[in-house]
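The values are calculated or read from the model by the stated rules, or taken from the named source; none is laboratory data. Quick caveat, the model's predicted, so the values are computed rather than measured. Cβ placement follows ideal geometry from the backbone for every residue including glycine, while neighbour counts extend to all protein chains displayed.
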Amino acid sequence: MKYPTLIIGLLAASALLPACNGQKNDKEKELAELRQLAELDRREMENQYAEYAAQYGEMKKTVKDDSLQARLNAEQLRAERLLAELKNTKATSSTEILRLKKELATVRAVLRDYIRQVDSLQQKNIRLTSERDAARADAALSHQQNEALATSNQQLKETVEVAAQLNATGISVTPLKKNGKPGKKTKDIKNFVVNFNIARNVTAKTGNRTVYVRLLKPNQNVLGASGSFNYENKSIQFSASRQVEYTGQDTHVSIYVPANEYLEPGTYSAYIFCDGQMIGSGNVAMNK
């Protein structure tokens, strides 16, 4: 992330108002915490990329079709390449981090599709194996096939757990004026609305979810902090939250964030969290 020059202004003001030193220290402490959060987020992405690459490797072991193996290998190499790019990217490089996060969502979506393909192939192999065992009446071979199936199912179960993570798509961050219409000038804005869809995921658990939005101002302070939640074994502030009933299908969500404080010009970034995971992000630029 790139932090604006507001901190320089605070340093200048401290020459006139010594009492602001404490506030400056608090700002620096919070910025350090935000940098740490960004680094934790980058590490989480690294772990996910590595896990997805490993899952592709495991799936290759369960299929014999050369064409499918080649496609799985290509996707595994892609995940490994993106992981290498991420490791060479600083956590403060917000543009590159956001690009790699979008790439991560694509890798996850492609992985889900291959899970379905491999599952279909495995089911077909199961039927063929059952028919062959019945025809040959070979108890020893049947036992071996059952063991192989148990191993394959365990691998598939672990892969499905990864695929069950929720993902926010179509994210937009819109500043609203008092009349509810979109605006661009900070002096006119009374609310922000974050719109997005929680994507269809038949492997995810259905039911009520609490979705949190953390809206950061250009100086990386949380806008309208109204509470906190746990993320990466740490309590962090959020701007607004909402209960959502997720049915496994595409679910549209709108979350409003009141703007009852001074808004400086610059980029406002919204981060969306659910089930202890950051499921998406978006931003909007504001004029003075």
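Observations
- Of all residues making up the range 224-244, the number that are part of a strand (DSSP E or B) and either surrounded by 12 or more Cβ atoms within 10 Å (Cβ to Cβ) or within 19 Å of the chain's Cα centre (by Cα) (or both): 14
- Any hit, the range 110-126, residues being of a type in the set (S, T, N, Q) and over 30 Å from the mean Cα position of the chain (by Cα): yes
- Across the range 180-192, the number of residues qualifying as touching a Ser or Thr at 6+ places or on another chain (Cβ under 8 Å) and surrounded by fewer than 18 Cβ atoms within 10 Å (Cβ to Cβ) comes to 1.
- Selected residue (only one of GLU131, GLU103 is of a type in the set (Asp, Glu), within 23 Å of the chain's Cα centre (by Cα) and either closer than 27 Å to LEU72 by Cβ or not in a strand (DSSP E or B) (or both)): GLU103
- Unique residue being surrounded by 13 or more Cβ atoms within 10 Å (Cβ to Cβ) and either of a type in the set (S, T, N, Q) or in contact (Cβ under 8 Å) with a residue 12 or more places away in the chain (or both) when the list is GLN123, GLN154, GLN117: GLN117
- LEU149 within 21 Å of ILE255 (Cβ to Cβ), surrounded by fewer than 17 Cβ atoms within 10 Å (Cβ to Cβ) and not assigned by TED's automatic domain parsing to the domain that holds SER269: no
- Considering residues of the range 245-288 that are of a type in the set (A, V, I, L, M) and over 19 Å from ILE97 (Cα atoms) only, the residue farthest from the chain's Cα centre (by Cα): LEU263
- Single residue of VAL211, VAL162, VAL202 found to be β-branched (Val, Ile, Thr) and at pLDDT 95 or above: VAL211
- Subset tally (residues that are basic (Lys, Arg) and either assigned to a loop (DSSP other than H, G, I, E, B) or not assigned by TED's automatic domain parsing to the domain that holds ILE279 (or both)) for the range 179-205: 4
- Condition met for ILE171 (surrounded by 12 or more Cβ atoms within 10 Å (Cβ to Cβ) and without any contact (Cβ under 8 Å) to a residue 24 or more places away in the chain): no
- Checking the stated criteria, GLY170 turns out not to satisfy the condition of being out of contact with any strand residue (DSSP E or B) (no Cβ under 7 Å at 6 or more places or on another chain) and outside any helix (DSSP H, G or I).
- Restricting the range 60-109 to residues that are closer than 25 Å to ALA204 by Cβ and of a type in the set (Gly, Ala, Ser) leaves a set whose member that is surrounded by the most Cβ atoms within 10 Å (Cβ to Cβ) is ALA79.
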